[in-house]
Ligand SMILES: [Zn+2]
């Protein structure tokens, strides 16, 4: 096997593993997150007021489009399963946008490190 071919096989194996990780995470969200009538996971959206105040594409993803959990138990179960799959430890919190129908999101526990393959642009804080 040539060096180039070995590199290509390694890259393909990494892609396959990344896709498998994503599929396993999607399965967890499928089990615990709020879904619409078509079974698609519902994400939190900026309120009308937020959309007036900021350009929609400038609202950071961290507070913009998080997956919604209806109960603390669902959020905790998802957190545990996602962590078992290599995601950072997370904890549930009640979203400030959930006024009439309470909902929760997961946020990274402070100082936690991921065991998932690191992103290229790891945020420094
Ligand atoms: Zn929310």
Check: Which one is surrounded by the most Cβ atoms within 10 Å (Cβ to Cβ), of the residues in the range 96-123 that are more than 15 Å from the ligand (Cβ to nearest atom) and modelled with pLDDT of 80 or more?
Finding: 108
Checklist line | helices (runs of 4 or more DSSP H) fully within the range 5-95 counting 3 or more residues that are surrounded by 12 or more Cβ atoms within 10 Å (Cβ to Cβ) and at pLDDT 95 or above | finding: 72-84
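The values are calculated or read from the model by the stated rules, or taken from the named source; none is laboratory data. The shown structure was predicted, so the numbers you read here are calculated from the model rather than taken from an experiment. Cβ: placed from backbone, ideal geometry, glycine included. Neighbour counts: every protein chain shown.
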